[in-house]
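Enquirer: Could you have a look at this structure, given as structure tokens, before my questions?
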2 protein chains.
Amino acid sequence: MRYNKDQKVKSRAEILLAASRRFRTDGIAASGIAGIMEDAAKTNGAFYAHFESKDDLVSAVLDDSLERQKEDLGSARDKDSIIAALESYLSPAHRDHPGDGCPSAALLPEISRLPRSTRLIYEKHLKEILDGLGEKMGGDSSGMATAAAVFSMAVGALQLARAVPSDDLSGMILQSAVQAAEQLITSESDKRAR
Amino acid sequence: MRYNKDQKVKSRAEILLAASRRFRTDGIAASGIAGIMEDAAKTNGAFYAHFESKDDLVSAVLDDSLERQKEDLGSARDKDSIIAALESYLSPAHRDHPGDGCPSAALLPEISRLPRSTRLIYEKHLKEILDGLGEKMGGDSSGMATAAAVFSMAVGALQLARAVPSDDLSGMILQSAVQAAEQLITSESDKRAR
DNA sequence: ATTATCTATAGATCTATAGATAATGC
DNA sequence: ATTATCTATAGATCTATAGATAATGC
């Protein structure tokens, strides 16, 4: 049928993107291969020329989307740009578009139920993300600890803001997390300035 | 068949308990009625004498388990007992037994995909939990905001600690969250003492 | 007679596979 | 001839329902 030289590479990328969105929107367990392939404008059977199994797809999706997230967050260079990234992470826009958003916020409880091999992939990327943030917060183990605490809070707050139907409570949760995170980051950088 | 006067009430409670554990262990979407009923030592068909649908069960489970969690957390009376509750929440024991643990940590992304009616039930309980914690942190909107930030951080840290296979990183995440939460709580009570 | 549960099954999924089809590039 | 995708389907789920069964309590 109609295909060009690197059709397969392109198709694989399309399937990855479709799956990545579906997983974050509907969850991993609730997303079927057929639906993902429909989003990628392909048929069910074509899937198995690209991935061995659904588990294989899940690994590939996490590897890919966490790599992208790391690159996005890596552009933040100092305390101020971290706070800007944080405000964007905890914005109503991010809350309302989980399909394009943070994989951790959309998928963490499901990730914790995946096979160890997949969770090792998750851990590798999480480490790099926390290392990157930790470096900008001081670089030592105390900066890294603050990065872990701030990331935990951001993920939890986004999830709570998404679960709650009331816009008031939802917005208050996001704002509380922004403020508390700023306090933690400022106190960490003050510690360093002394 | 073998049944006593309040057999049905008892059965309903058994199904609720079995479902509540299964949901937290395997996720809502990945838990089937048949498996839940097997855990409750009943057959598939008997389910529909107790609940209209799986969605109906999910609402009932959330209503029930969040009510229990609120009661558990309600026993914390002052700042010190809140910190004790926090250390138990962020303990390896809680991390390693999601089936008996916090419904939010196990289920939040799935909750955010449930029908609005179910999310309203979630919101009702979350409000009461945050109100309870906020009161012990000062009672005003600033105390409530700190409660929301601390709860967000605890939920996120527990999820991250569960997802990561390395015990070192997992423990470091839990410890970072304990420390950061204590800092936020202390700074909130200092604000009040001034 | 009423009630709680069980048996059996319909109908709609889901993952995965085997073989057919139709384009490209030699 | 090779390759990417499609068609068709097997076999295992899943939710939900209808009717049978067997106990209790009148």
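The values are calculated or read from the model by the stated rules, or taken from the named source; none is laboratory data. Because the structure is a prediction, the values reported are computed rather than measured. We place every Cβ from the backbone using ideal geometry, glycine too, and count neighbours over all the protein chains shown.
Enquirer: Restricting attention to region A:84-99, report how many residues are in a loop (DSSP other than H, G, I, E, B) and either over 25 Å from A:ALA30 (Cα atoms) or polar (S, T, N, Q) (or both). Before the answer, list the steps.
Expert: Step one: of region A:84-99, the residues in a loop (DSSP other than H, G, I, E, B) are A:90-91, A:97.
When the remaining residues are screened for being either over 25 Å from A:ALA30 (Cα atoms) or polar (S, T, N, Q) (or both), the result is A:90-91.
The qualifying residues number 2.
Enquirer: Now, a different point. Does region A:115-134 include one or more residues that are part of a loop (DSSP other than H, G, I, E, B) and either out of contact with any Lys or Arg (no Cβ under 7 Å at 6 or more places or on another chain) or more than 7 Å from every other protein chain (Cβ to nearest Cβ) (or both)?
Expert: Yes: region A:115-134 contains one or more residues that are part of a loop (DSSP other than H, G, I, E, B) and either out of contact with any Lys or Arg (no Cβ under 7 Å at 6 or more places or on another chain) or more than 7 Å from every other protein chain (Cβ to nearest Cβ) (or both).
Residue by residue, here is whether (1) among the polar types (S, T, N, Q); (2) without any contact (Cβ under 8 Å) to a residue 12 or more places away in the chain; (3) crowded, with 18+ Cβ neighbours inside 10 Å holds:
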position	(1), (2), (3)
A:ARG95	no, no, yes
A:GLY99	no, no, no
A:PRO103	no, no, yes
A:PRO115	no, no, no
A:LYS124	no, yes, no
A:GLU128	no, no, no
A:MET137	no, no, yes
A:MET144	no, no, yes
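Enquirer: Run B:SER166 past the list (1) surrounded by fewer than 24 Cβ atoms within 10 Å (Cβ to Cβ); (2) under 21 Å from A:ILE173 (Cα atoms); (3) within 11 Å of chain A (Cβ to nearest Cβ) and report the number of the one that doesn't hold.
Expert: Of (1) surrounded by fewer than 24 Cβ atoms within 10 Å (Cβ to Cβ); (2) under 21 Å from A:ILE173 (Cα atoms); (3) within 11 Å of chain A (Cβ to nearest Cβ), only one is false for B:SER166: (2).
Enquirer: If we scan region A:184-191, do we find a residue that is among the β-branched types (Val, Ile, Thr) and surrounded by fewer than 18 Cβ atoms within 10 Å (Cβ to Cβ)? Step through it out loud before you land on a result.
Expert: First, pick out the residues of region A:184-191 that are among the β-branched types (Val, Ile, Thr): A:185-186.
Filter once more, so that each one left must be surrounded by fewer than 18 Cβ atoms within 10 Å (Cβ to Cβ): A:186.
Yes, the conditions are met somewhere in region A:184-191.
Enquirer: Kindly list, by first and then second residue, each pair from a residue in region B:1-14 that is closer than 14 Å to B:PHE47 by Cα to a residue that is at pLDDT below 65 and loosely packed, with under 11 Cβ neighbours inside 10 Å, limited to pairs with Cβ atoms under 9 Å and residues at least 6 apart or on different chains.
Expert: B:SER11/B:TYR3
Enquirer: If you don't mind, another one. For region A:20-38, how many residues are of a type outside the set (Val, Ile, Thr) and touching a residue at least 12 places away in the same chain (Cβ under 8 Å)?
Expert: 10
Enquirer: Another question about this same structure. Any residue in region B:39-47 that is within 13 Å of chain A (Cβ to nearest Cβ), free of Cβ contacts under 8 Å to residues at least 60 places away in the same chain and buried (at least 17 other Cβ atoms within 10 Å of the Cβ)?
Expert: Among the residues of region B:39-47, not one is within 13 Å of chain A (Cβ to nearest Cβ), free of Cβ contacts under 8 Å to residues at least 60 places away in the same chain and buried (at least 17 other Cβ atoms within 10 Å of the Cβ), which makes the answer no.
Enquirer: Given the residues B:GLY99, B:GLY27, which is the only one that is within 14 Å of chain A (Cβ to nearest Cβ), small (Gly, Ala, Ser) and within 16 Å of DNA strand D (Cβ to nearest atom)?
Expert: When all the criteria are applied, what remains is B:GLY27.
Enquirer: Does any residue of region B:57-66 turn out to be charged (D, E, K, R), surrounded by fewer than 20 Cβ atoms within 10 Å (Cβ to Cβ), out of contact with any Lys or Arg (no Cβ under 9 Å at 6 or more places or on another chain) and within 30 Å of B:LEU169 (Cβ to Cβ)?
Expert: The answer is no; no qualifying residue exists.
Enquirer: Just to be sure, is B:GLY156 over 21 Å from B:ALA18 (Cβ atoms), touching a Gly at 6+ places or on another chain (Cβ under 6 Å) and not acidic (Asp, Glu)?
Expert: Taking the combined requirement at face value, the residue satisfies it.
To keep it simple, each residue is scored yes or no on (1) farther than 25 Å from B:SER112 by Cα; (2) charged (D, E, K, R); (3) touching a Leu at 6+ places or on another chain (Cβ under 8 Å).
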residue: B:LYS8; (1), (2), (3): yes, yes, no
residue: B:GLU14; (1), (2), (3): yes, yes, no
residue: B:GLY27; (1), (2), (3): no, no, yes
residue: B:VAL58; (1), (2), (3): no, no, yes
residue: B:SER65; (1), (2), (3): no, no, no
residue: B:SER81; (1), (2), (3): yes, no, no
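Enquirer: Something else about it: Look through B:ALA34, B:ALA19 and report the one residue that is within 16 Å of DNA strand C (Cβ to nearest atom), assigned to a helix (DSSP H, G or I) and either within 14 Å of chain A (Cβ to nearest Cβ) or farther than 27 Å from B:LEU160 by Cβ (or both). Can you show your working first?
Expert: Details: B:ALA19 fails: either within 14 Å of chain A (Cβ to nearest Cβ) or farther than 27 Å from B:LEU160 by Cβ (or both).
Among B:ALA34, B:ALA19, only B:ALA34 is within 16 Å of DNA strand C (Cβ to nearest atom), assigned to a helix (DSSP H, G or I) and either within 14 Å of chain A (Cβ to nearest Cβ) or farther than 27 Å from B:LEU160 by Cβ (or both).
Enquirer: Looking only at region B:145-180, how many residues end up being of a type outside the set (S, T, N, Q), under 17 Å from the mean Cα position of the chain (by Cα) and closer than 16 Å to A:ALA157 by Cα?
Expert: Within region B:145-180, residues that are of a type outside the set (S, T, N, Q), under 17 Å from the mean Cα position of the chain (by Cα) and closer than 16 Å to A:ALA157 by Cα number 12.
Enquirer: For region B:100-114, enumerate the residues that are farther than 27 Å from B:SER81 by Cα and not in a helix (DSSP H, G or I).
Expert: Hits for region B:100-114 are B:SER112, B:ARG113, B:LEU114.
Enquirer: Okay, moving on. Does at least one position in region B:47-70 carry a residue that is touching a Phe, Trp or Tyr at 6+ places or on another chain (Cβ under 7 Å) and assigned to a loop (DSSP other than H, G, I, E, B)?
Expert: no
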